[in-house]
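Visitor: Have a look at this one.
None of the figures in this text is laboratory data; all of them are computed from the coordinates on show. Model, not experiment: these values are computed from the prediction. With ideal geometry, Cβ positions are generated from the backbone for all residues, glycine too; neighbour counts draw on all protein chains shown.
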């Protein structure tokens, strides 16, 4: 005889007692076993505090806050000011701020042109928001200012409302900054930043890749020397480029190509060699200086220049054109989403690298305040820049002092350098934009997704294709829609696994993942790897019926029976269950009862168990059928199957012809009521202890012929 072993479990609940009680225990295989008792909640208990208790704790915490903690709450800059080491940090912050400031001045003018605005508004957008963010922002390395993607969104929307050369166009861009700031502040205060988590990384990557291509093509007119239609769709832009090919001009193309080559080489050297990393930040300034010198010396007539730029700081003014606010709401929402995805993501990554914590909602509030106050000083929407933030971090920035230094650089540019900016070639600014967005073309991500997850690759392809051919807004909506559809599909069709026991252990795992795991005849163990709620109850019920009917007995052990008598639900991964799921379980219990099948529940968490208890499902199924471990449930069920097999063998009657005898449910219910009180079933009182010389992890479960 070969003996299979198991850990301690429940004690004997012999089924078919009328037949099996007269048989010796060696024949029936029945013997005392023990289980870990499951603690059932009371009707009034809950694992989470009531709303009033949580509110009381929150108010108590607020009352305990000191005046310094209140100041830090409203002014996050005080957190780094208090611990700032001037002798150690100021020099690196100064160098980092100068580096980013030198990079920001030409980039801000380039991005303003991309947004359809005059270059001066790019300089304004790189002025006030930087100082405001240094005070209200919680990131110490994030570089705030104009960025390419937001500039493209501004251009794409406003060009359909007003002409880019009109005053209304500029007013709408400034109004958009105010609206974006208000939305960011509201989301930060209400702690709604989590909403953006539903947009998958593949959607973001596909969107930014296509946007980068559109941005690059939008700058082609400065290289080619003739006007190109402004559009966020690739086909009209390409068609316009082809149609105007006869107007092609060599001088701006050659000059723009040379500047682009210089920028790309300097960026590559700065990234690949640490001792040359200053080249990455100084690339835009180098291109601007070279282009300005060339234009100042040679005065090429075929190369268009930036032209006159007003000198001085922006004046305070209230945003106008509020009658257009309603039409700008979708764009403001979209820009806010981009701000969360780009800025907050970068800020959290930089915070982790520098060893400090960052509250994403407070970060969002800081960005909102910088946009709101910036709109009163003629700034269009700004957010955190990936490239400038990377340069800031690589330059060793330790605090917001680097941002203040960058702001001072911008002040100097506005006060003293704008007369020189008049001679900057347009193709040079276009080259700066193109060099910045080339890094956003993330084809490597598509290759990675193809290898790892075809579904995410399809999502990336759909988003990038629709963005290219149907426009940015439609591309984002389609991408987010498909992303949410995948989330809903995964939630409504959760992973469900049939479990088996790993040989030599009391561990139960997915039989598909571990082919060596074996099951027991008459018992099916099912694990639901998701919350159970109204959307997936039908799918789960269908799978349970399928597992009951289609049984693979090739790797099963135990008494040979013809059908399933017990269904064990492993509910450890189930974090939540709603009323629809409770009703579905009740219906399933009644279905199983008609087919003489018993449900057992294993390891439900406190919240789930409390819901089941309040709904009456615990009493309906029976408290003794709730277990701490899968193995406990298996041993109890297995002894019933052994008893059923022994009883049928003693009477020489097949199991399928026992219609004249009480059903399994009737026998179990009678025994539970007459012989085994519920208190004993749960506590294990009266059970003989295991022998001291016996290993609790190797208690014999059943015997099996060699």
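Visitor: Answer rounded, prolate or oblate for the stretch 141-188, using the Cα gyration tensor with square roots of eigenvalues a ≥ b ≥ c: rounded when a/c is under 1.5, else prolate when a/b is larger than b/c, else oblate.
Guide: Taking the square roots of the gyration eigenvalues as a ≥ b ≥ c, the stretch 141-188 is prolate.
Visitor: On to the next question. Counting other beta carbons within 10 Å of each residue's own, what order do 625, 86 fall into, fewest first?
Guide: Fewest to most other Cβ atoms nearby, the residues stand as 86, 625.
Visitor: Here's a follow-up. Could you line up 448, 298, 627 from fewest to most neighbouring Cβ atoms inside 10 Å?
Guide: Going from sparsest to densest Cβ surroundings: 298, 448, 627.
Visitor: With each pseudo-label sitting 7 Å past Cα toward Cβ, what's the residue 453-residue 36 distance in nm, one decimal?
Guide: 3.2 nm
Visitor: According to the square roots a ≥ b ≥ c of the eigenvalues of the Cα gyration tensor, what is the shape class of the stretch 315-419, taking rounded for a/c under 1.5, prolate for a/b larger than b/c otherwise, and oblate for the remainder?
Guide: oblate
Visitor: Sticking with this one: Compare the peptides 401-411, 299-309, 382-392 by average per-residue count of other Cβ atoms within 10 angstrom and give them in order, highest first.
Guide: By packing density, highest mean first, the sequence is 382-392, 401-411, 299-309.
Visitor: Pull out a ≥ b ≥ c, the square roots of the eigenvalues of the alpha-carbon gyration tensor of the stretch 89-488, then state rounded if a/c is under 1.5, prolate if not and a/b is larger than b/c, and oblate in the remaining case.
Guide: rounded
Visitor: Arrange the peptides 167-179, 234-246, 342-354 so that the one whose residues have, on average, the most other Cβ atoms within 10 Å appears first.
Guide: Per-residue Cβ counts within 10 Å, averaged per peptide and sorted highest first, yield 167-179, 342-354, 234-246.
Visitor: May I ask you to sort 154, 102, 92 by Cβ crowding, counting other Cβ atoms within 10 Å and putting the fewest first?
Guide: 92, 102, 154
Visitor: Place the peptides 181-189, 111-119 in order of packing, highest mean first, counting for every residue the other Cβ atoms within 10 Å and averaging per peptide.
Guide: By packing density, highest mean first, the sequence is 111-119, 181-189.
Visitor: Still on this structure, I have one more. If r is the Cβ-Cβ distance from residue 623 to residue 308 and R0 is 56 Å, what FRET efficiency results, to the nearest 0.05?
Guide: 0.10
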